[in-house]
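> I am attaching a structure below and will ask some questions about it afterwards.
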Amino acid sequence: QQAESRYRTLIDQAGSAFLVHDMDGRLQEVNRQACENYGYSRDELLALEVADLAPNFDRAYARSRWAQLEEGMPMTFTTVHRRKDGTQFPVEVRLSGIVLNGQKMVVALINDITERMRFETALQRDKREVTSGVRRSS
């Protein structure tokens, strides 16, 4: 019990959403940050599948990618996820394959990158403005 309590505390304090799902995409474990990011309670999230959170989800493609995951060899990509209220937000997903009790699972660390995307967009806009200003003065 002490080890489980320590594990739960560590996972719940992670700054990233933490999801564990089986090879069919059914959620098996989530942390507090996942609940906050998606707007669901823990029990609600555990009743969902990855497809419920990812509006552009392609099950066949995802299963083929999950099958390629090996322990210690994470895969990272960006996509869009959906909250309980239907709003969508950009995320960076880092997947790793693990084996728990003889069953292959997928661990996903998911970060909401909304602020990063806003910052990058502002930088690009500023760069365009500077470039156009330089061209006009040349």
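The values are calculated or read from the model by the stated rules, or taken from the named source; none is laboratory data. If you're wondering where the values come from, they're calculated on a predicted model, not measured in any experiment. Reconstructed Cβ throughout: ideal geometry from the backbone, glycine too, with neighbour counts over all protein chains shown. For accessibility, only protein heavy atoms count, side chains too; no ligands or nucleic acids. Shrake-Rupley method; radii C 1.70, N 1.55, O 1.52, S 1.80 Å.
> Pull out all pairs, ordered by first then second residue, where Cβ-Cβ is under 7 Å, the residues are six or more apart or on different chains, the first lies in the range 23-35 and is charged (D, E, K, R), and the second is not in a helix (DSSP H, G or I).
Arg26/Glu49; Glu29/Val20
> Continuing with this model, one more query. Checking the structure you have, find out if any residue of the range 30-43 is in contact with a Cys (Cβ under 7 Å, 6 or more places away or on another chain) and open to solvent by less than 80 Å² (accessible area, probe 1.4 Å). Reasoning before the result, please.
The first filter runs over the range 30-43 and keeps only residues in contact with a Cys (Cβ under 7 Å, 6 or more places away or on another chain), leaving 41-42.
When the remaining residues are screened for being open to solvent by less than 80 Å² (accessible area, probe 1.4 Å), the result is 41.
Checking the range 30-43: at least one residue is in contact with a Cys (Cβ under 7 Å, 6 or more places away or on another chain) and open to solvent by less than 80 Å² (accessible area, probe 1.4 Å).
> If you take the residues of the range 11-64 that are polar (S, T, N, Q) and assigned to a helix (DSSP H, G or I), which of them is nearest to Lys104 (Cα to Cα)? Step through it out loud before you land on a result.
First pass over the range 11-64, keeping only residues polar (S, T, N, Q): 13, 16, 28, 31, 33, 37, 41, 56, 64.
Adding the requirement that they be assigned to a helix (DSSP H, G or I) leaves 33, 37, 64.
On the way: Gln33: 24, Asn37: 26, Ser64: 13 Å.
So, considering only residues that are polar (S, T, N, Q) and assigned to a helix (DSSP H, G or I), the one nearest to Lys104 (Cα to Cα) is Ser64.
> Is it the case that Asp112 is of a type in the set (Asp, Glu), closer than 20 Å to Arg32 by Cα and touching a Gly at 6+ places or on another chain (Cβ under 9 Å)? Even if it seems obvious, please write down each step before you answer.
Values: of a type in the set (Asp, Glu): yes; closer than 20 Å to Arg32 by Cα: yes; touching a Gly at 6+ places or on another chain (Cβ under 9 Å): no.
Judged against the criteria, Asp112 is not a match.
> Turning to a different aspect of this structure: Taking the residues in the range 99-115 that are over 13 Å from Ala17 (Cβ atoms) and of a type in the set (A, V, I, L, M, F, W, C) as candidates, determine which candidate is surrounded by the most Cβ atoms within 10 Å (Cβ to Cβ).
Within the range 99-115, the match that is surrounded by the most Cβ atoms within 10 Å (Cβ to Cβ) is Val106.
> Out of all the residues in the range 40-52, is one or more in contact with a Ser or Thr (Cβ under 9 Å, 6 or more places away or on another chain) and modelled with pLDDT of 95 or more? I'd like the intermediate steps shown before the answer.
Initially, the range 40-52 is screened for residues in contact with a Ser or Thr (Cβ under 9 Å, 6 or more places away or on another chain), giving none.
Checked the range 40-52: no residue is in contact with a Ser or Thr (Cβ under 9 Å, 6 or more places away or on another chain) and modelled with pLDDT of 95 or more.
> Looking only at the range 9-29, how many residues end up being open to solvent by less than 60 Å² (accessible area, probe 1.4 Å) and out of contact with any helix residue (DSSP H, G or I) (no Cβ under 9 Å at 6 or more places or on another chain)?
2
> Do we find a residue being surrounded by 11 or more Cβ atoms within 10 Å (Cβ to Cβ), out of contact with any His (no Cβ under 9 Å at 6 or more places or on another chain), modelled with pLDDT under 90 and outside any loop (DSSP other than H, G, I, E, B) anywhere in the range 77-98? Break it down stepwise before answering.
Start the filter on the range 77-98 by keeping residues that are surrounded by 11 or more Cβ atoms within 10 Å (Cβ to Cβ), which leaves 78-84, 88-98.
From what is left, the residues that are out of contact with any His (no Cβ under 9 Å at 6 or more places or on another chain) are 78-84, 92, 94-98.
Those left that are additionally modelled with pLDDT under 90: none.
For the range 77-98, residues surrounded by 11 or more Cβ atoms within 10 Å (Cβ to Cβ), out of contact with any His (no Cβ under 9 Å at 6 or more places or on another chain), modelled with pLDDT under 90 and outside any loop (DSSP other than H, G, I, E, B): absent.
> In the range 103-138, what count of residues is obtained for those that are among the polar types (S, T, N, Q), more than 28 Å from Thr87 (Cα to Cα) and either assigned to a helix (DSSP H, G or I) or modelled with pLDDT of 80 or more (or both)? Explain how you work it out, then say what you get.
First pass over the range 103-138, keeping only residues among the polar types (S, T, N, Q): 103, 111, 114, 121, 124, 131-132, 137-138.
Filter once more, so that each one left must be more than 28 Å from Thr87 (Cα to Cα): 103, 131-132, 137-138.
Subsequent filtering for residues that are either assigned to a helix (DSSP H, G or I) or modelled with pLDDT of 80 or more (or both) retains 103, 131-132, 137.
Selection size over the range 103-138: 4.
> List the pairs whose first member sits in the range 92-105 and is over 19 Å from Leu53 (Cα atoms), whose second member is part of a strand (DSSP E or B) and open to solvent by 70 Å² or more (accessible area, probe 1.4 Å), and whose Cβ atoms are under 7 Å apart, counting only residues at least 6 apart or on separate chains?
Gly97/Glu70
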